[in-house]
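Below is one structure, written out as C-alpha cells; the observations come after it.
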Amino acid sequence: MNMANVVQRIGHLARKTFLDISSKVALKENIADLKGVLQTLNASDLNFEERLVENRDVYRPETRGAPVTYVHIYEDRILSIGIFVIRHGASLPLHDHPDMHGLIKVIHGQGKIKSFTSVPKEDIPFPKEMELNSSVKPWHRDRIIPVKLHSDTVVDSDSVCELGPEEGNLHYIEAVNGPMAFVDILSPPYDHDTGARVCHYYKELNIEKDVTGSGIQNDICWLLEIPQPSDYWTASAKYKGPRIAIDMDSF
Ligand SMILES: [Fe+2]
C-alpha cells in the first residue's frame, strides 16, 4: 500500500462507514474494518511534520504558543478528519461529541484518555454530599450531569480508541511522557454554524461517594458544564500529506 493509498482508503472507508448508520450490525462491521486500516496509519503516511512535536518541555499556560495545534485534513457533511497535536502535559479538556462517533489513532507519543458515559439525570438523585461541596453552587444544578467512568487508559500508536455517540462520549486527552499527536475522525462533524452539534466543556466534580447509603451512587461521577477553559486554545498548522479526494458517485 503506498503513501497516498492508506490515507485515501481511510477517507473512503470512513465515509462508507458513516454515510448510512441505520443498521447497527453493518455499522459495527464497518467501524471494525475502518479501525483495522487506521491501526496501520503512521505519521509518515500523513507527511506529519516532526517540528510540531520537537518541543518536549512541559507546557505551562504562561508559555508562548498554543497548548494544542490542529491540522485540518478533510471535512464534508458526513465526517471530519484532522490531527491534534498536544504539548507535553497539556490536554484537550473534558468535552463531548454530541450524537457523534469518534475514532482516535495516536501517531506520535502517548496520551491518557479518560472517558465517561452519561446517565439519564432522572434516574439518579442528587447526592446529599453535593449540597456540602463548596464548589457546587445552587445555580449550577441545571448544568450538572451524572456519568459513569467508561475508560481511563494510556494509549499509544498500537491501538485505535473508539468513542461512541453514547458510550465514552465525554472525554479528556492529556499528552504524557512528551508531546503527542493523534488523528481524530468525527462523524458527523461538529456544527457550530447551525448549532446542531456544539462542543460542550465540563469539569469533574470531586464529590464524596455515598459509602454508607444504598450504594447506588458508588459508580456515578458528576460533571459540571463550564465555558471553554481559558487556558485551552488551538493554533493551526497546514496539512502536508496526501489529499483525501472522495468520489461521491461511488456510494
Ligand atoms: Fe474529542
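For the reader, a short list of remarks on this structure follows.
- Pair list, Cβ < 9 Å and 6+ apart or interchain, from the range 230-245 residues that are closer than 21 Å to His200 by Cα to residues that are loosely packed, with under 12 Cβ neighbours inside 10 Å: Ser230/Pro61; Asp231/Pro61; Ala235/Gly65
- A Cβ distance below 7 Å, combined with a sequence gap of six or more or placement on separate chains, defines the contacts here; from the range 60-84, residues that are of a type in the set (Gly, Ala, Ser) reach residues that are surrounded by 13 or more Cβ atoms within 10 Å (Cβ to Cβ) and not in a strand (DSSP E or B) in the pairs Ser80/Pro189.
- For the residues Pro179, Pro165, Pro229, the requirement of being under 27 Å from Gln39 (Cβ atoms), out of contact with any Lys or Arg (no Cβ under 7 Å at 6 or more places or on another chain) and not hydrophobic (A, V, I, L, M, F, W, C) singles out Pro165.
- Restricting attention to the range 89-127 and to residues that are within 16 Å of the ligand (Cβ to nearest atom) and not in a strand (DSSP E or B), the residue that is farthest from the chain's Cα centre (by Cα) turns out to be Ala90.
- Residue list for the range 181-196, restricted to those being open to solvent by 50 Å² or more (accessible area, probe 1.4 Å) and within 12 Å of the ligand (Cβ to nearest atom): Tyr190
- For Ile73: the one exception among (1) within 14 Å of the ligand (Cβ to nearest atom); (2) not in a loop (DSSP other than H, G, I, E, B); (3) not acidic (Asp, Glu): (1)
- Number of the condition not met by Arg60 [criteria: (1) modelled with pLDDT under 95; (2) of a type outside the set (S, T, N, Q); (3) open to solvent by less than 90 Å² (accessible area, probe 1.4 Å); (4) in contact with a Gly (Cβ under 9 Å, 6 or more places away or on another chain)]: (3)
- Among the residues of this structure, Lys24 does not count as one that is surrounded by fewer than 13 Cβ atoms within 10 Å (Cβ to Cβ), within 28 Å of Gln110 (Cβ to Cβ) and of a type outside the set (Val, Ile, Thr).
- Test: residue in the range 201-215 that is at pLDDT below 95, buried (at least 20 other Cβ atoms within 10 Å of the Cβ) and closer than 15 Å to Leu94 by Cα: no
- Scanning the range 128-142 for residues that are out of contact with any Leu (no Cβ under 9 Å at 6 or more places or on another chain) and either within 16 Å of the ligand (Cβ to nearest atom) or not charged (D, E, K, R) (or both) yields a count of 4.
- Test: residue in the range 231-247 that is of a type in the set (S, T, N, Q) and either modelled with pLDDT under 95 or open to solvent by less than 30 Å² (accessible area, probe 1.4 Å) (or both): no
- The one condition from (1) over 19 Å from Cys161 (Cβ atoms); (2) not in a loop (DSSP other than H, G, I, E, B) that Ile10 does not meet is (1).
- Selection within the range 167-177 - in a strand (DSSP E or B), more than 10 Å from the ligand (Cβ to nearest atom) and of a type outside the set (A, V, I, L, M, F, W, C): Glu174, Asn177
- Selection count where residues are within 17 Å of Met100 (Cα to Cα) and either within 14 Å of the ligand (Cβ to nearest atom) or crowded, with 21+ Cβ neighbours inside 10 Å (or both), scope the range 143-166: 7
The values are calculated or read from the model by the stated rules, or taken from the named source; none is laboratory data. Since this is a predicted model, take the numbers as computed values, not measurements. All Cβ positions, even for glycine, are placed from backbone atoms using ideal geometry, and neighbour counts span all protein chains on display. What goes into the accessible areas is simple: the full protein's heavy atoms, side chains included, and nothing from ligands, DNA or RNA. Shrake-Rupley method; radii C 1.70, N 1.55, O 1.52, S 1.80 Å.
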